[in-house]
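Written below as structure tokens is the structure these notes are about.
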Amino acid sequence: MKRLKNSNVAKIFILTLLICGLLFGIIYFNLQNDLNKSLITEKMSDFANIIKTTNQNMILNHLLIIIILMFLAYSIIGMPLILFYLFYESTSIGFFLASIYSIYKIKGLLFGIIFIIISKLPFILFLIYISYIALKITKKLLRVLIFKENDSLYQLLKNLFLKLAIAIITILIYDLFLYFFANKILKLFLFLLK
């Protein structure tokens, strides 16, 4: 029962962090001065053309981020950096949704949600998963360092490493989907940006 409670606390903490980041992104957009908002509006008005003419190539970026986050997950000092990155990603989503809403209103918000589901959701889910695993690893490492508990630390780390490897393969497959199909699917919804 105690293990279930600790698991729920970690999940609630990560979910709260995501929601706070999303709200911070929305608030941050609204705090921009008129000049910045007009620059953002100018860039966002070209968003449809970018989707029509390019592919989303996130393979190298995601691979680099995943490798860094994996190494950070296996250290106690890396935990705050992983949580900060998750907060940063959710802030960027909030900022994007607020900016696209300011230009295209409800239709833009609908397109923004579709864009995030196709282009960001699996990676965000991976970040949530790696944050949860990092919390578990940090907790276990602290118990080993402070209380000298050494019960199955190696087995836990090995199991978590296996789960992370499966998650990495999933993200790489997702990145291939992004490159070949994401913008083709998004083109079907570009009518919302008119």
Practice task
Among residues belonging to the stretch 36-69 that are farther than 15 Å from Asn183 by Cα and basic (Lys, Arg), point out the one that is modelled with the highest pLDDT.
Solution key: Lys37
Handout entry: Any hit, the stretch 139-155, residues being of a type in the set (Ser, Thr, Tyr) and either touching a Lys or Arg at 6+ places or on another chain (Cβ under 7 Å) or in contact (Cβ under 8 Å) with a residue 24 or more places away in the chain (or both)
Key = no
Problem - Residue check, Phe87 touching a Gly at 6+ places or on another chain (Cβ under 6 Å) and either on the phi > 0 side of the Ramachandran plot or assigned to a helix (DSSP H, G or I) (or both) - result: yes
Problem - Total residues in the stretch 169-194, condition buried (at least 17 other Cβ atoms within 10 Å of the Cβ) and either among the small types (Gly, Ala, Ser) or under 23 Å from Leu72 (Cβ atoms) (or both) - result: 4
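The values are calculated or read from the model by the stated rules, or taken from the named source; none is laboratory data. Everything quoted here is computed from the prediction, not taken from an experiment. Cβ coordinates were reconstructed from backbone atoms using ideal geometry, including for glycine residues, and neighbour counts include every protein chain displayed.
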